Structure formats: structure tokens, C-alpha cells
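Beneath this line is the structure, given in C-alpha cells, with notes to follow.
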Amino acid sequence: MTRNEIVEEVIRLLRDHHSGRRDFFKLFAEAYNAGMMRGSDDVLYADALASIIVARAPELAEGPVWELHRFWSDWTYAWDHAAERTASPDGQGPKPRTTLINRTR
């Protein structure tokens with residue numbers, strides 16, 4: 001999908017009050033995997049997305065666009081830092097998992 005197609009689909013979903021977070025996440029993943037979060041000409045960071053939405057669909061300015069902005073920002077941060085989650089301190093593989101055990105009786 002192009003940047004414009006993603007934006008138009010986001011606007012359509014925002015207007016459809018039955019859309020869920022999963023629908024928006026699929027579009028986020030499409031944009032992220034297409035390199036639109038890496039400072040390209042087609043950048044689609046949360047701020048850019050919100051600005052485009054407000055310009056094209058001003059009726060959405062006072063509503064769900066800001067909740068989407070928060071989700072989009074959170075997803076971008078999480079995906080940008082995903083490698084840190086699986087990196088071990090020595091760089092040689094996944095971090096060991098720790099399990100919390102309730103030892104109270």
C-alpha cells in the first residue's frame with residue numbers, strides 16, 4: 001500500500017465506529033514494514049498521520065484521531081525497540097526468561 005492508501009483507509013476506519021484497534025494495527029504494520037517510519041519522503045509517524053487526517057477529514061479532529069495517535073506512537077516505539085527485548089547482555093542470543101514464583105502460603 002502507498003502512504004495515501006494507508007491514510008485513506010485509516011480515515012475510513014475512523015469514520016466506521018465499529019473498527020477495532022486490530023484494524024488500525026494492520027495498517028500500522030503495513031506502513032512500518034514499507035519503511036514509512038524511517039524518515040523517508042513517505043514518512044508516516046503519528047504526528048504526520050494525525051496532521052494529514054485533520055486536513056482531509058476535519059470532523060475527526062476532536063475525536064478518535066488522538067487515541068489513534070497514541071496507539072500509533074506506542075506501536076512505533078515498541079517496534080523500533082523490539083531488538084532490545086530479545087538481546088542478551090553479551091549480544092549472544094535471547095535474554096534468559098525469569099519467572100516470578102509466589103512462595104507465600
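Calculated translational diffusion coefficient of region 3-82 (10 °C, 1.306 mPa s; Stokes-Einstein with Kirkwood radius over alpha-carbon pairs) equals 127 µm²/s. Here region 1-18 is scanned for amide nitrogen atoms under 13 Å from the site 7 Å beyond the Cα of GLU67 along Cα-to-Cβ, giving 14-18.
None of the figures in this text is laboratory data; all of them are computed from the coordinates on show. Just so we're clear, the structure is a prediction, and the values are computed from it rather than from any experiment. Glycine gets a Cβ as well: all are built from the backbone with ideal geometry, and neighbour counts include every protein chain shown.
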